[in-house]
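Colleague: Structure provided below as structure tokens; questions to follow.
The values are calculated or read from the model by the stated rules, or taken from the named source; none is laboratory data. Since we're looking at a predicted model, the values are computed, not measured. When we count neighbours, we look across all protein chains shown, and the Cβ atoms used for this are built from the backbone with ideal geometry, even at glycine. Heavy atoms of the whole protein, side chains included, go into the accessibility calculation; ligands, DNA and RNA do not. Shrake-Rupley method; radii C 1.70, N 1.55, O 1.52, S 1.80 Å.
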Amino acid sequence: MGKKSSLPETAGGNNDVYDVVIVGCGVSGANIARRLSVYKIRVAVVEKETDVSFGTSKANSGIVHGGFHHNRKYLKARLEIQGAMMFDRLRRELDFPFRRCGIIVAAMHEDEMKAVEHLYMQGTDNGVIGIEMCSRERILDLEPKLSQDVVGGLYAPAGGIVEPYRFVFALVESAKKNGVSVLTDYKLEVANWDAGTTTWTLHAADGRSLCTRFVVNSAGLYADEVSRTFGAEDFSISARKGEYYLLDRLTKARPSRVVFPVPTAVSKGMLVIPTVEGTVLVGPTADATEDKTDLATTSMRLEQILDSGRKMIPSLSRNDVITSFAGLRPVLDEDFYIEASKKAPALIQVAGIQSPGLTASPAIGEYVKDLLKGIGLELTEKSDWDPFIDRHPRVRESTPYERDELIAKDPAYGNLVCRCENVSEAEIVEAVRLGHRTLDGVKYFTRAQMGRCQGGFCTYKIIKIIMRETGLTYDQVTKHGHASRVLEGEL
Ligand SMILES: Cc1cc2nc3c(=O)[nH]c(=O)nc-3n(C[C@H](O)[C@H](O)[C@H](O)COP(=O)(O)OP(=O)(O)OC[C@H]3O[C@@H](n4cnc5c(N)ncnc54)[C@H](O)[C@@H]3O)c2cc1C
């Protein structure tokens, strides 16, 4: 339903009236927010968790896919191809960890080569550049850690790896810098449409409310509930769990490219992924689960993961495992559901964003911007939009000379808090000042607690820094917000 606003205040009178409110701040919501920040409109993102990227966008394979897994008839395939191409420019502007290391699909039996050929044809049809069918010799040359049993495969040189939460954090920082409001701990519960003013009033669980002319539902696993809140389409999102093992950066099994098996009908299979920060991921599984909060890992599935991984890379060792975790795919249908609602006014649905949602997300931002324009949102570019955010210095990435300079400017760069990942006090302080006030938020921004000891030595120091910088008391510091309190008594 197209409409023009009858609320001139959106240009700046009433602080609580927005042009667009985005519900959910994962990688979809963050890309949409940043894309909209280019224009002279008031935009807010509301997120039910204490930090952004705490939903599906925090626990996935972190792959920028190669454009050959899906047929172009699907919207997800078209957005994947477009989105993947946008990462280089985004990395230059936003300085998040991303590298085009290339993707390999390894066929372990002759009869899998037919499926590899199909992927090759699909990739070529999709316009993927540089994709290659490989002989056994070629694939072993590209990835010498592969099993000698490999019979051939596919190589997509443009595929890459990204740190998914840092990507979201950088997008959000950029959106905020360009005027977008980000409201966390804001669980949308009620939405009322006023036909007179053609605005939605959105009410959060904690009593806060705001008004907006347009809404985007990018609520991930809960997009079905949010849709019902608006009296919009009645669909159901189910969760499909993916469990992973994380291996220490010293493992001998780290491949130089992402290694996929030949995919099955429901899943791309269990992969071996050299993460962009130097560790190795093995997984994920693909199991339906009734519970949208079920992030448990099981020894049975983890055993299966190692077995599958070892078929491709035999040097994978249980001794290198430092932790396990799980993520939940928001499954709706075969394809993404990104459309203007046919039932509720001024609402864009961004639902069923399972893989390759991370890859597609920059293109989702573009696509949703056009959908909003199509239903009446006027878009005039700002003259002062700034695509860049400040670089955040990292001790582990700096040369000894750069480190000296950093320490000269701020001695806290000389105080290493996390020794596994070489994270200094200054980096933790920067994370907290940027709004990451939980242990997980600090972890995702800095990598402190992500190394071999998994926070065994640094967690208490980080808690103390959070308390010092924010004034929170020991019982208010949490792992990931809400009830996830970590301390029973004072440190
Ligand atoms: C195991 C696994 C592996 C994957 N691997 C890859 C990969 O390698 N490459 C790739 O391209 N894609 C991958 N994906 C897919 C990708 O992770 C998702 O497509 C993407 O993260 C979805 O982002 P989103 O923003 O749509 O959802 P989310 O990240 O879930 O964000 C939705 C947000 O909405 C919030 N929310 C929900 N309800 C409300 C409410 N009522 N009020 C306010 N906020 C609300 C949630 O808290 C959440 O933060 C993988 C997914 C999984 C699970």
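Here's the yes/no breakdown for (1) out of contact with any Pro (no Cβ under 6 Å at 6 or more places or on another chain); (2) open to solvent by 10 Å² or more (accessible area, probe 1.4 Å); (3) closer than 17 Å to Phe87 by Cβ; (4) assigned to a helix (DSSP H, G or I):
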{"site": "Leu146", "(1), (2), (3), (4)": "yes, no, no, no"}
{"site": "Tyr165", "(1), (2), (3), (4)": "yes, yes, yes, yes"}
{"site": "Leu171", "(1), (2), (3), (4)": "yes, no, yes, yes"}
{"site": "Gly179", "(1), (2), (3), (4)": "yes, yes, no, no"}
{"site": "Tyr186", "(1), (2), (3), (4)": "yes, no, no, no"}
{"site": "Asn192", "(1), (2), (3), (4)": "yes, yes, no, no"}
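Colleague: Just give me the residues in segment 214-239 being open to solvent by 20 Å² or more (accessible area, probe 1.4 Å), more than 9 Å from the ligand (Cβ to nearest atom) and closer than 24 Å to Val17 by Cβ, in sequence order.
Modeller: Gly231, the sole residue that qualifies.
Colleague: Find the helices (runs of 4 or more DSSP H) located wholly in segment 339-441 whose residues include 3 or more that are over 30 Å from Arg485 (Cα atoms), and list them.
Modeller: Answer list for segment 339-441: 357-374, 400-409.
Residues are listed down the side, and each one gets a yes or a no for (1) open to solvent by 20 Å² or more (accessible area, probe 1.4 Å); (2) over 15 Å from the mean Cα position of the chain (by Cα); (3) not hydrophobic (A, V, I, L, M, F, W, C):
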| site | (1), (2), (3) |
| --- | --- |
| Gln354 | yes, no, yes |
| Gly357 | no, no, yes |
| Pro362 | no, no, yes |
| Gly365 | no, no, yes |
| Val368 | no, yes, no |
| Leu372 | no, yes, no |
| Gly376 | no, yes, yes |
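Colleague: Does Arg452 meet the test of being assigned to a helix (DSSP H, G or I) and open to solvent by 10 Å² or more (accessible area, probe 1.4 Å)?
Modeller: No, not satisfied.
Colleague: Can you tell me how many residues within segment 256-277 are open to solvent by less than 40 Å² (accessible area, probe 1.4 Å), in a loop (DSSP other than H, G, I, E, B) and modelled with pLDDT of 95 or more?
Modeller: 4
Colleague: If I filter segment 45-98 down to residues being of a type in the set (Phe, Trp, Tyr) and under 22 Å from Gln349 (Cα atoms), which single residue comes out as nearest to the ligand (Cβ to nearest atom)?
Modeller: Step by step, filter segment 45-98, then rank; the result is Phe54.
Colleague: Right, Ser424: of a type outside the set (Asp, Glu), in contact with a Leu (Cβ under 9 Å, 6 or more places away or on another chain) and open to solvent by less than 10 Å² (accessible area, probe 1.4 Å) or not?
Modeller: For Ser424, the condition - of a type outside the set (Asp, Glu), in contact with a Leu (Cβ under 9 Å, 6 or more places away or on another chain) and open to solvent by less than 10 Å² (accessible area, probe 1.4 Å) - is met.
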